[in-house]
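These notes are about the structure you will find just below.
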Amino acid sequence: MRPSFKRVPAIEKCFAVLDLLAKSKEPVGISDISGKLDLNKSTVFRIVHTLMDLNILENQRDGKFVFGTHFYILGNMAGKRSKLIQTVHPYLERINEKTKLSAFLGLRSDRQAILIDKVDSAYGIKLSSEIGIRMPALAGAGIKAMLSQLSDEEIDEILARTELKRYTPQSIVDKAAYKEEILEVRRQGVAFDREEYIEGMVAYAAPINATGKDLQAAIWAVGLTRQVPRASIPELTQLLKGISKEINYRLV
């Protein structure tokens, strides 16, 4: 027998907003939400911006909102129910097994990559990061792979409001050079980080087509420079590109 209780109106309104976004094929603005749900605009504004603070929703910078990356993190914690995570996780295991490198899946949140799944079983050396961690702005191979899926105009807009930080002597701080790196990823299908973010560390990433045009994702492998001799780089890049192709096929 269910206990007697009073439903919480604020929670009902919040889930009504989430349900509307889930059913919408396009990002939705506050006026649209207010009209379709017959809610006061100020109420919708407070709900939406609270969800943004919680990283449940993200603003597409045009006053329209979409689901944020935190939903994928929650999906991972709830037993990998997300289709994206379910599809990609076995491939992370394959990368980890074949290369002995830590393998990650991440999503783009504006200028950052957010880690939503990983396989870092110990093979002598274990490089671990927590699920949910946000990489610094434009740092690492993963974000390059994600940005390669955007238009030139979108890349320019992101670079225009970002100061490239020098993390190591190898960091790329020239915006034109950084954009060329992204365009090369688009051409070649793989991104590189050769001690640009952390000295002594290298990373290789490939973009994947996540469901939804406003969602950019990537897989990447990370290890110490001595774990990835130059002779092994072609084999590693082909592995990532091949896996990316398989993932994209399964996500269609």
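The values are calculated or read from the model by the stated rules, or taken from the named source; none is laboratory data. Just so you know, these numbers come straight off a predicted model, no measurement behind them. Cβ sites come from the backbone with ideal geometry, for glycine too, and all protein chains shown count toward neighbours.
From THR162, THR168, grab the single residue that is over 22 Å from THR237 (Cβ atoms) and part of a loop (DSSP other than H, G, I, E, B). Before the answer, list the steps.
On the way: THR168 fails: over 22 Å from THR237 (Cβ atoms).
Criteria check complete, one pass: THR162.
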Which condition does GLN86 not pass, out of (1) within 23 Å of ASN209 (Cβ to Cβ); (2) modelled with pLDDT under 85; (3) polar (S, T, N, Q), if it passes all the others? (2)
Name the single residue that is modelled with the lowest pLDDT among those in segment 131-169 being touching a Lys or Arg at 6+ places or on another chain (Cβ under 6 Å) and of a type outside the set (Val, Ile, Thr). ALA137
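Quick one: count up the residues across segment 184-238 that are within 20 Å of VAL252 (Cα to Cα), in a loop (DSSP other than H, G, I, E, B) and either in contact (Cβ under 8 Å) with a residue 40 or more places away in the chain or of a type in the set (S, T, N, Q) (or both).
We begin by selecting, within segment 184-238, every residue within 20 Å of VAL252 (Cα to Cα); these are 186, 189, 206-219.
Adding the requirement that they be in a loop (DSSP other than H, G, I, E, B) leaves 189, 209-216.
Among the residues that remain, those that are also either in contact (Cβ under 8 Å) with a residue 40 or more places away in the chain or of a type in the set (S, T, N, Q) (or both) are: 189, 209-212, 214-216.
Going through segment 184-238 one residue at a time, the tally reaches 8.
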Qualifying positions in segment 186-244 - of a type in the set (Asp, Glu), within 19 Å of TYR167 (Cβ to Cβ) and over 20 Å from the mean Cα position of the chain (by Cα): GLU195, GLU199
Close pairs from segment 1-28: first on the phi < 0 side of the Ramachandran plot, partner at pLDDT below 80, Cβ under 6 Å, at least 6 apart: PRO27/GLN60
Of (1) at pLDDT below 90; (2) part of a helix (DSSP H, G or I), GLU58 satisfies all except one. Which? (2)
Can you confirm whether segment 141-159 contains a residue that is among the aliphatic types (A, V, I, L, M), over 20 Å from the mean Cα position of the chain (by Cα) and in a helix (DSSP H, G or I)? no
